[in-house]
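Before any comments, here is the structure.
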Amino acid sequence: MMLGDYQEIRDMVSKFADTEVAPLAASIDKNEKIPESIVKQLGENGFLGSYVPEEYGGAGMDYTAYSIIVEEISRACASTGVLVSAHTSLCVYPILNFGNEEQKKKYLPKLASGEHIGCFCLSEPNAGTDAGSLITFAEDKGDYYEITGTKNFITNGKEANIAVVFAKTTKTDNYKGISAFIVETDTAGYEVMKCEDKLGIKGSSTAQISFDKVRVPKENLLGTLEKGFGIAMNTLDGGRIGIASQALGISQAAFDYAKKYSNERVQFGKPLHALQAIQFMLADMSTKIAASRLLIWEASRRKDNNETYSLQSAQAKLFAAESAMWITTKAIQVCGGNGYTKEYPVERFFRDAKITEIYEGTSEIQRVVIAANELKDLK
Ligand code: CAA
């Protein structure tokens with residue numbers, strides 16, 4: 001795709017985000033639910049299958065376009081942004097990348113249109129950052145597997161129709177023996193146990209899911225048996241670009257609001273932005289936003305060009321997430337006491353930003369990945 005295409009996509013998504021999503025963001029946060037009408041429109045606009053090829057019902061764009069979509073939607077509403085990101089990066093992508101032709105034909109069209117929503121079941125109550133220690137087991141029963149275990153913190157878990165699930169097919173005490181499966185969530189034994197009551201991204205469901213002897217046909221094994229950990233890691237490399245884009249969208253929203261407020265609010269007989277203390281905060285916010293966007297574009301560009309991108313996606317997520325925390329904190333500072341109240345949106349941006357330093361790999365894990373990539377030539 002060309003630079004002009006990306007600008008056209010940004011304009012289109014931005015218009016949708018401003019007119020359809022942003023006006024509902026406060027009520028999505030308060031009511032802890034994204035209206036179905038929004039999900040329907042996301043699908044109709046091609047935002048849930050942006051980089052799925054047209055032959056599988058997608059919009060045929062690339063990962064750079066996808067990152068712009070997530071950024072713009074997250075600028076309006078971070079809960080809606082992560083619905084798009086978890087669905088697309090963590091469910092659509094592994095099926096597109098590791099699925100066989102039958103699986104792609106069967107699952108991608110409905111995921112791309114939004115008729116089906118996807119989730120990614122890796123984390124468990126005792127296997128978060130140490131994902132390789134998961135204990136959910138898929139027992140080989142001849143012509144099907146039977147999956148039993150508990151998955152935690154599953155974004156879109158409540159709404160999902162399709163789950164990419166990681167389970168051991170051989171019991172090990174490390175990542176070896178993990179396989180990946182495509183699971184239809186209406187299968188008997190799949191049960192949403194609870195949804196977390198969270199600090200932020202309150203409109204996005206974060207579910208605990210129980211698998212009680214869930215029967216999965218053999219043909220739903222995703223990729224090669226016992227190569228599931230690599231599938232999860234590769235998927236998260238792309239997912240981290242999505243979360244970096246979500247963080248960037250939150251940062252942009254916080255900056256835009258702080259800038260507007262600094263123009264409207266008069267103290268000492270002048271708008272706030274006449275004060276250099278405020279200008280410096282706005283200048284640092286603007287610089288961190290620009291740097292986050294360039295890191296995201298570089299990671300996306302490399303992914304689109306089939307170059308390695310683990311290092312760049314970890315850098316993008318680390319920097320964009322920590323910037324989002326810094327920028328939303330400063331946005332509240334610019335807005336002072338007003339910014340601390342729920343009458344103003346900046347406290348929501350602040351609450352929404354925090355999770356970007358945690359899910360799809362904490363900031364500490366991004367540093368582990370970055371250091372491992374930078375140091376590997378010394379071995
Ligand atoms: N791509 C493909 N394969 C990879 C990979 C990558 N980026 N990174 C590692 N692998 C493979 C390795 O090649 C190796 O496989 P082989 O033995 O077949 O060669 C295997 O994975 C293990 O590699 P390492 O020894 O390097 O990995 P590790 O055991 O040291 O763990 C880790 C690495 C970085 C700590 C990893 O466990 C990790 O990323 N943890 C964080 C997990 C995470 O992000 N969890 C978030 C959950 S998802 C989520 O948030 C859900 C949601 O809904 C939002």
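The values are calculated or read from the model by the stated rules, or taken from the named source; none is laboratory data. Remember, it's a predicted structure, so these values are computed and weren't measured experimentally. Cβ coordinates were reconstructed from backbone atoms using ideal geometry, including for glycine residues, and neighbour counts include every protein chain displayed. In case anyone asks, the SASA skips ligands and DNA or RNA and just uses the protein heavy atoms, side chains included. Shrake-Rupley method; radii C 1.70, N 1.55, O 1.52, S 1.80 Å.
Test each condition in (1) more than 12 Å from the ligand (Cβ to nearest atom); (2) among the polar types (S, T, N, Q); (3) out of contact with any Asp or Glu (no Cβ under 6 Å at 6 or more places or on another chain) for S133 and report the one that comes out false.
The single condition S133 does not satisfy is (1).
Look through the stretch 325-367, keep the residues that are of a type in the set (A, V, I, L, M) and within 16 Å of the ligand (Cβ to nearest atom), and return whichever of them is farthest from P23 (Cα to Cα).
We begin by selecting, within the stretch 325-367, every residue of a type in the set (A, V, I, L, M); these are 325, 327, 331-332, 334, 346, 353, 355, 358, 365.
Checking the rest, the ones that are also within 16 Å of the ligand (Cβ to nearest atom) come to 353, 355, 358, 365.
Details: A353: 19, I355: 22, I358: 27, I365: 35 Å.
Result: I365.
Please give the helices (runs of 4 or more DSSP H) falling wholly within the stretch 24-102 in which 2 or more residues are closer than 16 Å to R240 by Cβ and within 16 Å of the ligand (Cβ to nearest atom). Step through it out loud before you land on a result.
Numbers: elements: 25-31, 36-44, 63-76, 78-85, 93-98.
Because the criterion is at least 2 residues that are closer than 16 Å to R240 by Cβ and within 16 Å of the ligand (Cβ to nearest atom), the helices (runs of 4 or more DSSP H) in the stretch 24-102 that meet it are 63-76, 78-85, 93-98.
Only one of (1) open to solvent by 30 Å² or more (accessible area, probe 1.4 Å); (2) among the β-branched types (V, I, T); (3) over 23 Å from the mean Cα position of the chain (by Cα) fails for V192. Which number is that?
(3)
Pick out the one residue from E360, E374 that is closer than 22 Å to L311 by Cα, touching a residue at least 24 places away in the same chain (Cβ under 8 Å) and over 16 Å from the mean Cα position of the chain (by Cα).
Details: E360 fails: over 16 Å from the mean Cα position of the chain (by Cα).
So the residue among E360, E374 that is closer than 22 Å to L311 by Cα, touching a residue at least 24 places away in the same chain (Cβ under 8 Å) and over 16 Å from the mean Cα position of the chain (by Cα) is E374.
Find the residue count for the stretch 338-379, including only residues that are among the aliphatic types (A, V, I, L, M) and in a loop (DSSP other than H, G, I, E, B). Quick ask: steps written out before the conclusion?
Initially, the stretch 338-379 is screened for residues among the aliphatic types (A, V, I, L, M), giving 346, 353, 355, 358, 365, 368-372, 375, 378.
In the following step, the residues that additionally are in a loop (DSSP other than H, G, I, E, B) were identified as 358.
Residues in the stretch 338-379 being among the aliphatic types (A, V, I, L, M) and in a loop (DSSP other than H, G, I, E, B): 1 in total.
So which of A160, A138 ends up being touching a residue at least 12 places away in the same chain (Cβ under 8 Å), more than 15 Å from the ligand (Cβ to nearest atom) and either buried (at least 20 other Cβ atoms within 10 Å of the Cβ) or of a type in the set (K, R) (or both)? Can you show your working first?
Working: A160 fails: more than 15 Å from the ligand (Cβ to nearest atom).
Only one candidate passes the filter, namely A138.
Given I327, I296, which one is out of contact with any Lys or Arg (no Cβ under 8 Å at 6 or more places or on another chain) and either touching a residue at least 40 places away in the same chain (Cβ under 8 Å) or open to solvent by less than 30 Å² (accessible area, probe 1.4 Å) (or both)?
Numbers: I327 fails: out of contact with any Lys or Arg (no Cβ under 8 Å at 6 or more places or on another chain).
Checking each option against the conditions leaves just I296.
Among the residues of the stretch 223-262, write down those that are away from the ligand (no atom under 16 Å from the Cβ) and within 15 Å of I332 (Cα to Cα).
Across the stretch 223-262, the qualifying residues are S251, Q252, A253, A254, F255, D256, Y257, A258, K259, K260, Y261, S262.
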